[in-house]
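Structure, as structure tokens:
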Amino acid sequence: MAYPFQIVFDIILWVAVPAILIIAIVKASHLSRHADDEKRAAAARSGFWGGIVLSLIVLIYQANVFVRTGFPNRDLFQGFDLWLALTGAIVAYLLSLGGKRAVPTKLVGLIVLLLTFLSFYALIHYLLIRTYNDVVLSLVLGATFGILLHYTASPPTTFGTKHTSTHH
């Protein structure tokens, strides 16, 4: 009975978590290409590429440290923090409530930069460096749950469908 559970567990660790992070990067890229107006689009594009560059800067810095001290040799699974996952879920749910209309144009680029940086860095860190995988795993799954909970609670506003009134 343990073998099927191990397969599901490995799929979550090796496929689901990296896929969620890749989807977040793709979403950040999508935001940078499909903004409401030109100012938001320019800010989002700059934020996306800034997030990629910032990720590379941090990774190069960290690799430089590891070249001198040695790369960590840790397992992919290092634990799971339920409270951190629940905190991630609550924060993601609350951030999802605001939506794009609540974000001023000046912050669009910064938000896209943070989303890109955190997703890209977490993906590389999760798969290759593995020093904080318990935190990454807990936050990624918690935040994903929070966002999906928001989608579940408000489907008309989430998936682009318009709420139409039946009253005339």
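Throughout, read-outs are computed from the coordinates displayed, never taken from laboratory work. What you see is a predicted model; the values in this text were computed from it and never measured. Cβ atoms come from the backbone with ideal geometry, glycine included; neighbour counts cover every protein chain shown.
The stretch between Leu149 and Val26 holds 42.2 nm of extra length on full extension. This uses 0.36 nm per residue minus the Cα-Cα distance.
Divide by every residue of the chain the summed helix terms, -39500 (n - 2.57) for each DSSP H run of at least 4, and state the resulting mean residue ellipticity at 222 nm, rounded to the nearest 500 deg cm²/dmol. Let's see the in-between values first.
Values: 7 runs with 121 residues, N = 168.
That comes out to -24000 deg cm²/dmol.
Between Asp81 and Val8, the simple label model (points 7 Å from Cα in the Cβ direction) yields a spacing of 2.6 nm.
Taking Cα atoms only, the orientation of helix 17-33 departs from the longest principal axis of the chain by about 40 degrees. Between Phe66, Ala153, Val26, whose Cα lies farthest towards the positive end of the dipole of the chain when Lys and Arg beta carbons carry +1 and Asp and Glu beta carbons carry -1, centred on the Cα centre? Selected residue: Val26.
Magnitude of the charge dipole for the chain, about its Cα centre and with charges confined to Cβ atoms of Lys, Arg (+1) and Asp, Glu (-1), is about 500 debye. Relative to the dominant Cα principal axis of the chain, helix 38-69 is inclined by about 10°.
Around Arg74, with a cut-off of 11 angstrom between Cβ atoms, what is the net charge of the other residues, counting Lys and Arg +1 and Asp and Glu -1? Don't skip to the answer; put the middle values down first.
Values: positive: Arg130; negative: Asp75, Asp134.
So the surrounding residues net to -1.
Helix 105-124 and the longest principal axis of the Cα set of the chain meet at an angle near 30°. The orientation-averaged projected area of the convex hull spanned by the Cα atoms of the range 1-137 comes to 9.7 nm².
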